[in-house]
Amino acid sequence: MEDKMYPALQIDRSKLADNAKAVTELCGASGIGVAGVVKVVGGDPICARVIYDAGCKWIASSRIDQLEAMRAKNPDIPLMLIRIPMVSEADALVRAADISLNSDIDVLRAIDGAAGRAGVTHDVILMIELGDLREGIWQESEYIEIAREVEGSLKNLRLAGTGTNLGCYGSINPTTDKMNELVAATEKIEAAIGRKLDIISGGGTTSLPLVISGGMPPRVNHLRVGEGIFINKDNEDLYDIRIQGTHRDALTLEAEVIEARVKPSHPIGEIAYDAFRNKPTYVDRGERRRALLGVGKVDYGYLDQILPRTEGAELLGASSDHTILDIEDASGEIRTGDILTLDTCYAAVAFLASSPSVRKCYK
């Protein structure tokens, strides 16, 4: 048996494929193609291959270095950059991605120049601002002007479509009305350039409930889905919506117990601030058995984004490199050297996959 080092992000490829298949079939029934977003796993090429083979039509990430790694391993997969690019990234972009989201004419001009130097045509999606207040063009006159310039003057670019982002910054809910706004903006662009666009990209995982309810306008034909494939908890936990055929545990954290002993439950001495500038409070429950795990906030970011599977084990807190559990009432005896499994949410996985101290393991 191969030795495994901890902490480890355990990736179940079969469950991941099931998730991608379920999401892409759900969307496909409404004429929607899915770009599988792999930024949460650090652009892992193995995961990219799994979800592409399971039905995703594109693989997407927000980071060009991740796209470069995927292109090297999977040259046949269409790749999409979903963070609007920097001018300084233009040359790398046209080598690493087939299509990108954009909202700035100066960046588009730089990409056009880079594509010309590389001898390629690069597809672009114009992002329309619908109120979430992250990326996107707000004024109708501006997005029509930019569309006309891309169509008429930037000969190394192809205007593939429009898109929007909702729910990531302003927490704005994707509704039928919002999607109809996107369609209306697209049709104004189409009237200005004299042709239909291929893609209307209506957001990401937060737009899946609209697909399920039947409220997605027929012209919206593209979504960028990450959490709904890899983690699959947000829609169920926050909106009580479950996609049939999906798993919530395709990705889990495995961590090793590095200390297990009885200690007081309340710190002894004058309480000041912790390493993260917080002044916590504690409940005195007497002496209780506790376990330290060899993983901490530097690895997963947020304590409330992980949950031990061991029945009766309770998360107490964490420092940069340690996680502290109350195991007084845990089922079974937990000893130093034991490996505990913890379920993960999106933010935790994003940290875990980016930590050089966390190993990715596959089954």
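Residues that are of a type outside the set (Gly, Ala, Ser), exposed (fewer than 13 other Cβ atoms within 10 Å of the Cβ) and within 37 Å of the chain's Cα centre (by Cα) within the range 275-296 comprise PHE276, ARG277, ASN278, LYS279, PRO280, THR281, TYR282, VAL283, listed in sequence order. If the condition is being modelled with pLDDT of 95 or more and part of a loop (DSSP other than H, G, I, E, B), then the range 321-332 contributes ASP321, HIS322, ILE327, GLU328, ASP329, ALA330. Within the range 94-113, the residues that satisfy the criterion of being surrounded by fewer than 21 Cβ atoms within 10 Å (Cβ to Cβ) and either hydrophobic (A, V, I, L, M, F, W, C) or part of a loop (DSSP other than H, G, I, E, B) (or both) are ASP98, ASP104, ILE105, VAL107, ALA110. Among the residues of the range 137-146, is any closer than 20 Å to ILE99 by Cα, within 25 Å of the chain's Cα centre (by Cα) and crowded, with 16+ Cβ neighbours inside 10 Å? For the range 137-146, residues closer than 20 Å to ILE99 by Cα, within 25 Å of the chain's Cα centre (by Cα) and crowded, with 16+ Cβ neighbours inside 10 Å: present. A residue that is among the polar types (S, T, N, Q), surrounded by 20 or more Cβ atoms within 10 Å (Cβ to Cβ) and either in contact (Cβ under 8 Å) with a residue 12 or more places away in the chain or more than 30 Å from PHE351 (Cα to Cα) (or both) occurs somewhere in the range 183-193. Counting only residues that are more than 15 Å from the chain's Cα centre (by Cα) and surrounded by fewer than 20 Cβ atoms within 10 Å (Cβ to Cβ), the range 162-174 holds 4 of them.
Determine, yes or no, whether ARG83 is part of a helix (DSSP H, G or I) and among the basic types (Lys, Arg). So ARG83 does not fit the description; no. Quick check on the range 263-283. Is at least one of its residues at pLDDT below 95 and touching a His at 6+ places or on another chain (Cβ under 8 Å)? Yes, the range 263-283 contains at least one residue that is at pLDDT below 95 and touching a His at 6+ places or on another chain (Cβ under 8 Å).
Being over 15 Å from THR24 (Cα atoms), free of Cβ contacts under 8 Å to residues at least 24 places away in the same chain and not hydrophobic (A, V, I, L, M, F, W, C) is a condition met by no residue of the range 160-172. With respect to the conditions (1) surrounded by 12 or more Cβ atoms within 10 Å (Cβ to Cβ); (2) in a loop (DSSP other than H, G, I, E, B), LYS263 falls short on a single one, namely (2). If the condition is being more than 19 Å from LEU182 (Cβ to Cβ), under 28 Å from the mean Cα position of the chain (by Cα) and surrounded by fewer than 18 Cβ atoms within 10 Å (Cβ to Cβ), then the range 114-136 contributes only THR121.
Checking ARG83, ARG13 one by one, the residue that is surrounded by fewer than 24 Cβ atoms within 10 Å (Cβ to Cβ) and free of Cβ contacts under 8 Å to residues at least 60 places away in the same chain is ARG83 and no other.
The values are calculated or read from the model by the stated rules, or taken from the named source; none is laboratory data. Quick caveat: nothing in here was measured; it's all calculated off a predicted structure. When we count neighbours, we look across all protein chains shown, and the Cβ atoms used for this are built from the backbone with ideal geometry, even at glycine.
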